[in-house]
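Structure record follows, encoded as structure tokens.
A short reminder: the numbers here are calculations on the coordinates, not readings from a lab. No experiment lies behind these values; they were computed from the predicted model shown. Note that each Cβ is placed from the backbone with ideal geometry, even for glycine, and that neighbours are counted across all protein chains shown.
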Amino acid sequence: MLSFDLGKGLVKFKHCGKEIFSYSLPQNCPICGQPAVSSSNLKDAPVTIPSPFVNGHKASCSFLVKPTEGTFLRDYDGNSDLHVGVTNTTGTVYHYNQTGIHRDDVGWEQCVCIPLIQPSTYGLINQWDRYLDERCASEAWLPCRYEEHCHNCYTFALAFVNYILAAQGRNQLSKSEFTERFVLPRTRRASKYISICKEVAANNFYVLDCSDLEEMKSQEANLVY
Ligand SMILES: [Zn+2]
């Protein structure tokens, strides 16, 4: 069972030629027992690895992903069903399922988050909530229209993303384009973070070998958009 505090992030430091993750910086390296930090070497200074999860209710105008049941850190096993939604400007999450459209003010506190607009896009932000309410009123999102695989939470959220793109005169994104460019890099990073958290929870430390390191670097590169 993982403590919710792991959502606050981890610390990574270098010692013995390896990268070591822990909750907080230890006095001594768990491998060799020598002091963990030598002040002389800046490039080996410890860094904080921020949690990839955000409180969706504090993320306005964003696409959110969370497990359908439970939370990422406690319940996600890499294959669990995921559910998605879109926030309005005040952090209410709009989402669609077999019982129709819902507007949640709680329950999305640990999400993978994809911001949909730049904070400087004032004109769009002013219209955002009206657009969202208008789209939700469409008959497309009646409960009877729900299909588990082809007309679901993702269909609703992506239709709204495309509505916003169209309003800005930008190209539409297919499901696979949006998923590969924006969702998968973040869910992969989240899965890696969860697996490191589980190791740290079990052993207090996680020592990363070189192949893991290269994988994480390539994922971090994907996050820049
Ligand atoms: Zn060491």
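Within a straight-line Cα-Cα reach of under 22 Å, residue 8 can be paired with the following lysines, leaving aside sequence neighbours fewer than 8 residues apart in one chain: 58, 66, 192, 198, 217. Judged by the mean number of other Cβ atoms found within 10 Å, the most tightly packed of the peptides 164-176, 45-57 leads the ranking 45-57, 164-176. For the stretch 26-32, putting each phi into the Karplus relation 6.51 cos²θ - 1.76 cosθ + 1.60 with θ = phi - 60° gives couplings of x, 4, 10, 5, x, 8, 10 Hz, in residue order, rounded to whole numbers and with x for Gly and Pro. Annotation: peptides 83-95, 180-192, ranked by per-residue average of other Cβ atoms within 10 Å with the highest first, follow the order 83-95, 180-192.
Taking 0.36 nm per residue of separation and subtracting the Cα-Cα distance, full extension of the segment from residue 104 to residue 8 would add 32.2 nm. Think of it as helices only: each DSSP H run of n ≥ 4 in the chain is worth -39500 (n - 2.57), and spread over all residues that comes to -10000 deg cm²/dmol at 222 nm. For the chain, the longest principal axis of the C-alpha atoms and the axis of helix 122-136 are separated by about 60°. As a proxy for reagent exposure, 16, 61 were ordered by neighbouring Cβ count within 10 angstrom, fewest first; the result is 16, 61.
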